[in-house]
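Down below is the structure, laid out as structure tokens.
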Amino acid sequence: GSAGGNLFSLLGVTGTGPLNQGDRVQAVAELSGPIDLTANGLEQTDFYPYELSYLGCASYAQCPQAVAASPIFHVASSDPPFFVAQSTNERIPLVQSQRFVDALRKAGVPTTFMTRPGDRHSVAILDPELKQDILDFFRRTLGDAALATP
């Protein structure tokens, strides 16, 4: 979730080759991930200093890292299935998840998208129903054997 959602989404959209070999992942579940780290991606300017610090930039005008660190700019048809969930009124604008889901679906990537009412962020939205939805996504995508505990 959150920054981890960004990192896992980035991992999902930047690999090459078959989904079961090398640096590829076979499925991604992310919660409330900032998907567009450019100045256009945020509605709340109070978040800009944190994001610029993370990116190592003084301003968005001179920050090519923002595009490189934004999963939405790397979506391709070869990406693994995604599960995306977010609250409707939280710090990360819902439109980020909506645009990401649209881009994934446009590329033909199987994508499950769920929202939760309210302003809870990241793992705070994990109620029993959403946990089950995520497990069901992984079962459909990876099979029951992949979820078996040793």
Report task. Give the number of residues within the stretch 108-123 that are without any contact (Cβ under 8 Å) to a residue 40 or more places away in the chain, surrounded by 15 or more Cβ atoms within 10 Å (Cβ to Cβ) and either part of a strand (DSSP E or B) or not charged (D, E, K, R) (or both). Result -> 8
Requested in this report: Only residues that are of a type in the set (S, T, N, Q), touching a residue at least 60 places away in the same chain (Cβ under 8 Å) and open to solvent by 20 Å² or more (accessible area, probe 1.4 Å): list them for the stretch 77-101, please.
Outcome: S78
Query raised in the report: Based on what the data block shows, is A39 crowded, with 17+ Cβ neighbours inside 10 Å and touching a Phe, Trp or Tyr at 6+ places or on another chain (Cβ under 7 Å)?
Result: no
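Yes/no matrix, rows are residues, columns are (1) more than 22 Å from I125 (Cα to Cα); (2) within 15 Å of the chain's Cα centre (by Cα); (3) not in a loop (DSSP other than H, G, I, E, B):
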residue	(1), (2), (3)
G1	no, yes, no
N20	yes, no, no
L52	yes, no, yes
V67	yes, yes, yes
S77	yes, no, no
Query - Single match in P18, P34 (criterion: at pLDDT below 95 and open to solvent by less than 20 Å² (accessible area, probe 1.4 Å)) - result: P34
Query raised in the report: With E51, E30 as the choices, which residue is touching a Gly at 6+ places or on another chain (Cβ under 9 Å) and in contact (Cβ under 8 Å) with a residue 24 or more places away in the chain?
Result: E30
Requested in this report: From the list A58, A148, pick out the single residue that is of a type in the set (A, V, I, L, M), open to solvent by 90 Å² or more (accessible area, probe 1.4 Å), more than 20 Å from S2 (Cα to Cα) and modelled with pLDDT under 95.
Outcome: A58
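The values are calculated or read from the model by the stated rules, or taken from the named source; none is laboratory data. These numbers were taken from a predicted model, which means no experiment stands behind them. Quick reminder, even Gly has a Cβ in these numbers, built from the backbone with ideal geometry, and neighbours come from all protein chains shown. Keep in mind that these areas ignore ligands, DNA and RNA; they rest on the heavy atoms of the full protein, side chains included. Shrake-Rupley method; radii C 1.70, N 1.55, O 1.52, S 1.80 Å.
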